[in-house]
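The values are calculated or read from the model by the stated rules, or taken from the named source; none is laboratory data. Only a predicted model underlies this, so the values are computations on that prediction, with no experimental measurement involved. FYI the Cβ positions are ideal-geometry reconstructions off the backbone, even for glycines, and counts take in every protein chain you see.
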């Protein structure tokens, strides 16, 4: 019985670590988004290009933290709390949609891509921000449920 309790506590600790990592990435992402949105992607500015490159990297890291951390854990059946698994299954299609939009943004505006068009940048960033807002709302529901189930 003690082994099972220890195993459950270990799984929940791992979930908590994944959540904390994802929230750290999210905080950094939102800070960089604000910076990039006020600067714009001025191709002539080394500073703007560096911030855009950093933003894109953190964007991909944040997306990966959710997918390859938290959602993979649930998909692999490592999450035993039914309410958490059911919510994750319910919201995953919408999370996946935001992932595709984020990856398309990264591909389009990655500074390594010399052929990106900058004149649609603000509209694309605005659309990305709306999608990330939706994603954050869904993730927060899942995080709240994870924390409630832990308590």
Practice problem: Please verify whether region 91-114 includes one or more residues that are at pLDDT below 75, over 12 Å from the mean Cα position of the chain (by Cα) and assigned to a helix (DSSP H, G or I). | Solution: no
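Whether any residue in region 56-67 is modelled with pLDDT under 75 and surrounded by fewer than 20 Cβ atoms within 10 Å (Cβ to Cβ) is what I want to check. I'd like the intermediate steps shown before the answer.
Step one: list which residues in region 56-67 are modelled with pLDDT under 75, which gives none.
Scanning region 56-67, I find no residue that is modelled with pLDDT under 75 and surrounded by fewer than 20 Cβ atoms within 10 Å (Cβ to Cβ), so the answer is no.
Report yes if residue 142 is within 18 Å of residue 23 (Cα to Cα) and at pLDDT 85 or above, otherwise no.
On the way: within 18 Å of residue 23 (Cα to Cα): yes; at pLDDT 85 or above: yes.
So residue 142 passes the test.
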Quiz item: Residue check, residue 27 against (1) loosely packed, with under 15 Cβ neighbours inside 10 Å; (2) under 19 Å from residue 113 (Cβ atoms); (3) at pLDDT 95 or above, all met but one. Which one?
Solution: (2)
Quiz item: What tally of residues in region 41-55 results from selecting those that are surrounded by 15 or more Cβ atoms within 10 Å (Cβ to Cβ), within 15 Å of residue 122 (Cβ to Cβ) and modelled with pLDDT under 90?
Solution: 4
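Looking at 145, 87, 132, can you tell me which residue is in contact (Cβ under 8 Å) with a residue 60 or more places away in the chain, out of contact with any strand residue (DSSP E or B) (no Cβ under 9 Å at 6 or more places or on another chain), farther than 25 Å from residue 39 by Cβ and in a helix (DSSP H, G or I)? Break it down stepwise before answering.
Working: 87 fails: in contact (Cβ under 8 Å) with a residue 60 or more places away in the chain; 132 fails: farther than 25 Å from residue 39 by Cβ.
It is 145.
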